[in-house]
Ligand SMILES: Cc1ncc(C[n+]2csc(CCOP(=O)(O)OP(=O)(O)O)c2C)c(N)n1
Ligand SMILES: [Mg+2]
């Protein structure tokens, strides 16, 4: 079949299973136009979820974050449409975040005509160099015959192995072609699941059997692979506690008795002892980045069984005792099957009830109870902590929770304040912790799962980084509940400076941004919640506003010393809450 170039690209992306294309419209009709054209011919209840939905943004950087939020919540690859010139570098912060989150993201960008290359052609930029440290594959299409192949290949690259970014750069000449060959009809690109080496599985089982106090760590890779249920079964079998990394949050229900919250930077203080007492970590689908390892007493010496779909994950920071390459779910299922299959081996009930393991379980339960108790004790509790608990009470498990980066919002990472269950979807910024990620990522989450309320918890600095995205939310009727901690500035660097005895004046905003007016001007609501009763009423009203497709902003004033306790631990900081 022959179509014009952009219809070929849009149809190939839709057929490959991509759910969304985000961008700023180009001078000439391009990918967004073709996607709009195709979408208008697709029934909304189509089996593939309605094809490739076009979304117009006001800033490419926000566009990358919308695509990322959508990919995380929908589980489908997303597309960012860029154009040559400044559009590409403008998207880079969002692309860096998407790369660190390992989301399947396909970037389709135009390139100036060949005659202008190297000769000061209008808006010539070296996109390949700019993307080189972030992407898995960057291909330039200079012949129409390659177009459909390159787009399909980009989806394969983005989805498989460690999911990530693939760029297809399309020269202007090719973009103007009217008769471009399509691929024959193909199914959606599916994630290839590699089974593990069974000898390594057997070795891992032996190592696990010896461990007295193993800990399971579930990362973003395990969450994306749907390995949460298998990881829980392993935790039950080994009687081991399970922690998630920040990006792994949402991969397992936090109400399960084995789950004890987040590991590393976000560990709730009563639970940090689990890390001190652990003698073996089973890390699943995580690169064990620095924030994951924060608070581990001797992270370099820890005994490690490392499971990942990407061989580059192994030995990057900790040498594993056993490294198992493969799909997280399949590897864990093989581990379970191995334990179950060998008659001479102990079964679940017969696993060694060593004094270490029994004491460990008692300790885990006690610590878990302590964490719960500390967080819900009202008296003297910080306002940020109570605000997060109130969000949890209002929205429960059936919500899309979106996290940000900042100081006070770290309370929202503190297990078990938010009730993260099987019906929750959680979007967390990755290792780049890009300030401003939250608002557009929440739009992506809301577009992917409109039936659930989308709640963003963020700071005032973070929200101001991407204000125009509020208009995009209104344009697409994505209702958002935004709970914003207001401290008139950048609290994290302020805290760091105060800790070091440095001048902190620059971290304070001298002119308040008229956020309330902006939100109201876009048809939303904005209130300040000064006490718990006001907050409860505001959250309830916010649910209604968001359900009607508008943004409900709730500003919660916070004081500088309202600092999450986990951070005090990591920073070795004795002041604050
Ligand atoms: C794009 C980007 N720039 C800078 C930073 C460094 N940074 C981390 S937190 C922070 C301040 C956050 O302020 P706010 O959102 O108001 O939250 P608060 O710390 O005040 O609670 C900054 C500047 C970052 N993570 N990302
Ligand atoms: Mg702030």
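Remark: relative contact order (the range 437-577) = 26 percent; criterion is Cα-Cα distance under 8 angstrom and separation of 6 or more residues.
Using the average count of surrounding beta-carbon atoms within 10 Å as a protection proxy, the listed peptides 254-264, 72-82 rank, highest first, as 72-82, 254-264. Helical content alone sets the calculated 222 nm signal of the chain at -11500 deg cm²/dmol, taking -39,500 (n - 2.57) per DSSP H segment of four or more residues and averaging over every residue. Taking 0.36 nm per residue of sequence separation and removing the Cα-Cα distance, the residue 520/residue 202 pair yields an extension gain of 108.4 nm.
Beta carbons within 10 angstrom, averaged per residue: use that to sort the peptides 9-21, 501-513, highest first.
Ranked from most to least packed, the peptides come out as 9-21, 501-513.
Highest mean first, the peptides 174-180, 191-197 sorted by other C-beta atoms within 10 Å per residue fall in the order 174-180, 191-197. Computed over Cα pairs, the Kirkwood radius of the chain leads via Stokes-Einstein (0.692 mPa s, 37 °C) to a diffusion coefficient of 133 µm² per second.
Each value in this text was obtained by applying a stated rule to the coordinates, not by laboratory testing. These figures come from a predicted structure and were not determined experimentally. Cβ atoms come from the backbone with ideal geometry, glycine included; neighbour counts cover every protein chain shown.
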